[in-house]
Amino acid sequence: MLNITIINGPNLNLLGKREPSVYGNESFDDYLMQLKKDFPQINFSYLQSNIEGELVDAIQKFGFNQDGIILNPAAYTHTSIAIGDAIAAIKTPVIEVHISNVHAREDFRKTSHVSAKVVGSIVGLGLKGYALAAEWFVKNAK
Ligand code: DQA
């Protein structure tokens, strides 16, 4: 079994209700149920927080004992040096996921404190980005 942790940042608890034209109609809980069915070889753990320091704590906590982390830091992507530093500090490889195409939106979303520290980034492919990240870990995890 692969141990993969998904960490979602602020406002992603409102997926399904939040700006559906940008983020879709599906809740993350529903999506995660499907993801678990689609990847029976992965033991997923999941954490969402609206608080920057809790995301840093989670990256530290899971950063030495998992096969991979799938991280969507949401708005903190664009502001948080602490989250970037936390990713640089850990051993577990991280894939950054954004549901929307951040490069096609406001200029402030083009800045990422995360992208340079991760294995790779998946943006703009909707919730499917999490499944693509999981697939990468299945094929490439050491
Ligand atoms: C997001 C993109 C961010 O710019 C935004 O602040 C979010 C969600 C995404 O998944 O598309 O909250 O990370």
Counting only heavy atoms of protein chains, what accessible area per residue, in Å², does the chain have with a probe of 1.4 Å?
-> 50 Å²
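Determine, from the Cβ-Cβ distance of N25 and D85 and an R0 of 22 Å, the FRET efficiency 1/(1 + (r/R0)^6), rounded to the nearest 0.05. Show your work: numbers first, answer last.
Values: r = 35 Å, r/R0 = 1.59.
With R0 = 22 Å, the Cβ-Cβ based efficiency is 0.05.
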In nm, to one decimal, how far is the modelled label at N11 from the one at K36, with both set 7 Å along Cα→Cβ?
-> 2.8 nm
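Express the Stokes-Einstein translational diffusion coefficient of the chain in µm² s⁻¹, to the nearest whole number, given a Kirkwood radius over alpha-carbon pairs, 20 °C and a viscosity of 1.002 mPa s. Display every interim value, and only then the final one.
On the way: Rh = 14.9 Å.
Approximately 143 µm²/s, per Stokes-Einstein.
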For the chain, what % of the accessible area comes from carbon and sulfur atoms, probe 1.4 Å?
-> 52 percent
Give me the Kirkwood hydrodynamic radius of the stretch 38-114, using the inverse of the mean 1/r over all pairs of distinct Cα atoms, in Å to one decimal.
-> 13.3 Å
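Please give the peptides 44-52, 87-95 ranked by average Cβ packing (other Cβ atoms within 10 Å per residue), highest first, as a rough proxy for protection.
Working: 44-52: 15.9, 87-95: 17.8.
Packing proxy ranking, top to bottom: 87-95, 44-52.
The values are calculated or read from the model by the stated rules, or taken from the named source; none is laboratory data. Keep in mind it's a predicted model, so treat the numbers as computed, not measured. Positions of Cβ are generated from backbone atoms using ideal geometry, with glycine treated the same way; all protein chains shown enter the neighbour counts. SASA here: full protein model, heavy atoms, side chains in, ligands and nucleic acids out. Shrake-Rupley method; radii C 1.70, N 1.55, O 1.52, S 1.80 Å.
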